[in-house]
Amino acid sequence: MAQTSATESHQDVVDILTADHREMIGLIEMIEETTDPSERRALADSVIAEVTRHSVAEELFVYPVYEREIPDGGDEVEHDKKEHQEIEEVMKELEGLDSESAEFIATVKRFKELLDHHADDEETDQFPKLRAAVSAEDLLDLGRKVEAAKKIAPTRPHPGSPHSELFHMTLGPGVGMVDRLRDALSGRLKNT
């Protein structure tokens, strides 16, 4: 759903990731508001793709900088990766549920709670630290890298895959290509 525009290329990584959070939470709220099962499924597929792209881009570019530049950043990144894993497991579960079921709605609520918590941690604690420790120019550069990574990142959750920079650099683009092919063949994410 998120399209890169000329103005986005001038946003720093914090602005981009914060906007992603707002978009993802907004999609979940739309799922909660609609009673149309096919719309629920389409919205769930969209938010799953957006969260997956966002997470991969963070792990690939933002987390290594955070670990290097922030005191105890490594511990915070490990905590974030555990949250990404938990979110990914919930997304995988959501993919397999009937959008008309009560279990689907309950899983969407759990998904939203996890995403809200993760976004709040980043926005209130980690992003201010990142802005204080990294130059404005480097934050803009990170933003460009994150936007580029989201274009080739996987669109489906892969909870069995490692949350590592090495994995995302070496195998991630191939996994992303397979996901996009599956999306095209199935008609998933037609408007993304």
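Values quoted throughout were computed directly from the atomic coordinates according to the rules given, and no laboratory measurement underlies them. Computed from a prediction, not measured in an experiment: that's the story for all the values here. For neighbour counting, all protein chains shown are included, and Cβ atoms are generated from backbone atoms with ideal geometry for every residue, glycine included.
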Karplus-derived HN-Hα couplings along region 111-122 (A = 6.51, B = -1.76, C = 1.60, θ = phi - 60°), whole Hz, x at Gly and Pro: 4, 5, 4, 5, 5, 4, 4, 5, 5, 4, 4, 5
Nitroxide proxy distance, nm - points 7 Å out along Cα→Cβ at D138 and D98: 5.3 nm
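Arrange the peptides 141-151, 48-58 so that the one whose residues have, on average, the most other Cβ atoms within 10 Å appears first.
In decreasing order of mean packing, 141-151, 48-58 become 48-58, 141-151.
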Say R0 is 22 Å: what FRET efficiency, to the nearest 0.05, do K145 and E123 get from their beta-carbon distance? 0.65
Taking θ = phi - 60°, what integer Hz values does the Karplus form 6.51 cos²θ - 1.76 cosθ + 1.60 yield along region 38-44, in sequence order, with x for Gly and Pro? 6, 5, 4, 5, 4, 5, 4
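Using a/c under 1.5 as the rounded threshold, could you call region 74-145 rounded, prolate or oblate? The axes a ≥ b ≥ c are square roots of the C-alpha gyration tensor eigenvalues, and prolate needs a/b larger than b/c, oblate otherwise. Intermediate values should be presented prior to the final figure.
On the way: a/c = 2.93, a/b = 2.54, b/c = 1.15.
The shape class here is prolate.
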Greater than 23 Å apart at Cα, pairs in K109/K151; K129/K151; K82/K129; K92/K145; K82/K112: K109/K151; K129/K151; K92/K145
Using the alpha-carbon centroid of each, what span in Å lies between region 124-162 and region 47-85? 7 Å
Tally Lys/Arg at +1 and Asp/Glu at -1 over every other residue whose Cβ is under 12 Å from the Cβ of D138; what's the total? 0
Region 50-57 - phi-based ³J(HN,Hα) in whole Hz, Karplus 6.51/-1.76/1.60, Gly and Pro as x: 5, 5, 4, 4, 4, 4, 4, 4
